[in-house]
1. Using a simple charge model, +1 on the beta-carbon of Lys and Arg, -1 on the beta-carbon of Asp and Glu, nothing else, what dipole does the chain show about its Cα centre, in debye to the nearest 20?
2. Say each of Q49 and M151 gets a label point 7 Å from the Cα, pointing the same way as Cα to Cβ; how far apart are those two points in nm?
3. Which one is right for this structure if P(r) over Cα pairs in 5 Å bins from 0, in percent is calculated from it: [x] 2, 8, 18, 22, 22, 17, 8, 3, 0; [y] 1, 8, 14, 12, 10, 9, 8, 7, 6, 6, 5, 4, 4, 3, 2, 1, 0; [z] 1, 6, 10, 11, 10, 8, 7, 7, 7, 7, 7, 6, 4, 3, 2, 1, 0, 0, 0, 0, 0, 0?
4. Go through the range 135-143 residue by residue and turn each phi into a ³J(HN,Hα) via Karplus (6.51, -1.76, 1.60, θ = phi - 60°); whole Hz please, and just put x for glycine and proline.
5. Compute the length gained on full extension between D92 and T79: take 0.36 nm times their separation in residues and subtract their Cα-Cα distance, giving the result in nm to one decimal.
6. Which residue fluctuates the most in the chain, going by a Gaussian network model with Cα springs under 10 Å, if the choices are V142, V82, V45?
7. Quick query: amide H of T139 versus all other amide H atoms, modeled in the peptide plane; which residues come in under 5 Å with a sequence gap of 5 or more or a different chain?
8. On a straight-distance basis, which lysines could pair with K55 in a cross-link, Cα separation under 21 angstrom, same-chain partners fewer than 8 positions away excluded?
Amino acid sequence: MFATLTLATVLAAPVPKDGPVDPPKGPAPTLQYFKADGDSIVRNVQVTQMVPVQKQREVTRVVNGQEVKETVTVTEYQTQTVTQASKVAAKDATFGTAAGKKLTADEALGRLKDGGICVVVYGKQAPDAAYLKAFKDDTLVVTLPEPKVVMPGPPTVPAPLPKK
């Protein structure tokens with residue numbers, strides 16, 4: 001009886017807090033797999049795509065007052081997750097830990113020799129400390145340059161044909 005009462009008291013005890021946490025500022029970091037490759041790092045990113053799939057369906061139609069069954073081809077879309085790998089020069093990234101310790105590119109490449117999951121942010125600003133509290137102090141944080149977004153230009157209009 002005493003053991004049950006003690007266990008209930010321990011399980012019902014409030015969880016201690018680290019103190020108040022302000023809402024994080026800035027975008028949330030992502031988690032990505034990195035592996036060192038010479039003076040570069042190769043990252044694998046999981047991307048979800050909608051893929052068209054052709055399927056055969058049997059439908060019933062009314063033709064001249066009679067029901068007729070026929071098979072038609074329809075296009076459905078399925079969600080598919082694919083891994084995309086890209087190489088980034090280590091000199092173009094900055095490295096640190098969730099505890100805020102700065103790392104050199106060589107130190108980071110050494111830690112990523114066998115690959116590992118890293119916290120990733122884009123741009124020049126480190127992730128907000130509120131996000132980093134969720135990770136162990138030695139978790140590797142990789143800051144990559146902002147992705148370049150290329151917007152397509154207006155369609156080109158062919159030049160008029162010369163008049164004869």
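1. 580 debye
2. For the pair Q49/M151, the computed spacing is 2.6 nm.
3. For P(r) over Cα pairs in 5 Å bins from 0, in percent, the calculated option is [z].
4. The phi angles translate into 10, 5, 4, 8, 5, 6, 10, 10, 9 Hz.
5. Extra length available between D92 and T79 comes to 1.4 nm.
6. V82
7. Sorted by chain and number, the residues that satisfy this are A98, A99.
8. Within the straight-line cut-off, K55 pairs with K69.
All of the numbers you see were taken from the coordinates with simple rules; none came from a lab. All values reported here derive from a predicted model rather than from experimental measurement. Positions of Cβ are generated from backbone atoms using ideal geometry, with glycine treated the same way; all protein chains shown enter the neighbour counts.
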